[in-house]
1. Hey, rough spin-label estimate for residue 45 and residue 81, points 7 angstrom out along Cα→Cβ, what's it come to in nanometres?
2. Of 95/159; 58/85; 58/160; 26/96, which ones are farther than 24 Å apart at the Cα?
3. Can you bin every Cα-Cα distance in segment 25-119 into 5 Å intervals starting at zero and give me the percent of pairs per bin, rounded to whole numbers?
4. Quick one: plug the Kirkwood hydrodynamic radius of segment 79-167 (C-alpha pairs) into Stokes-Einstein at 37 °C, 0.692 mPa s, and report D in µm²/s.
5. Can you pull the percent of Cα pairs in the chain with separation above 24 Å?
6. Near the amide H of residue 155, under 5 Å away, which other amide H atoms are found, from residues 5 or more places off or on another chain, if H is placed in the peptide plane?
7. Roughly how many nanometres apart are two label points built 7 Å out from the Cα toward the Cβ at residue 158 and residue 74?
8. Estimate the FRET efficiency between residue 27 and residue 57 by the formula 1/(1 + (r/R0)^6), using the beta-carbon distance for r and 22 Å for R0, to the nearest 0.05.
Amino acid sequence: MVGNSFTFYYNLPTTIEQFAKAKGLKWKINQSTASGATFKQHWQNEKGLKTTQRLKRKKYTQIIFQEHSTYPITALDTTQKYFKKLLRSVPVNTKKHLYATWAYPKMKKKQKEVITSTSIEKALRTVSPQSEISILPVGRAFDLFQSRFPNQTLFTSDKKHPNPIGS
């Protein structure tokens, strides 16, 4: 998992490992994550990250990439540029996924346009239109859950990061 707090809150990588184990899968999940990290910071190994070295040094069967939550909407060109650079560090036969996050109240585009999980997902589809890179519609899953269980929250008190249920 290459990402930030949206992919490490409440130990999401270990949770995924445990779900896989329950299904008889032997997944070993590694993470390169830092609070608020962007693809650019992963590429430049900022915030103490060693993403590019890890991608080049070890072979992974699958990689989940998660960009800073606002960047697909507010800095799409930067997201595209650094995602392409990160992809060059990954073997062709590795399955690649983009983690489409959820919209949250303080997320606004410069024109005060309402941001939705669907608009984040659409932006990510332009980042990598190749069919070999799948979009993980986590934001849409959050939306669906909230529509079915409106009295249950998926977020911490900051109304942005996932709580244990959201994770």
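1. 2.1 nm
2. Details: 95/159 32 Å; 58/85 17 Å; 58/160 32 Å; 26/96 18 Å.
With Cα atoms farther than 24 Å apart: 95/159; 58/160.
3. That works out to 2, 12, 22, 23, 17, 12, 7, 3, 1, 0, in percent per bin.
4. Numbers: Rh = 14.6 Å.
Using the Kirkwood radius from Cα pairs, D works out to 225 µm²/s.
5. On the way: 4676 of 13861 pairs.
Pairs farther apart than 24 Å: 34 percent.
6. Sorted by chain and number, the residues that satisfy this are 163.
7. It is 1.4 nm.
8. Values: r = 19 Å, r/R0 = 0.87.
Calculated transfer efficiency: 0.70.
The numbers here are math on the coordinates, done by the rules we state, and not lab data. Values in this document were obtained by computation on a predicted structure and should not be read as measured data. Please note: Cβ atoms are built from the backbone with ideal geometry, for glycine as well, and neighbour counts cover all protein chains shown.
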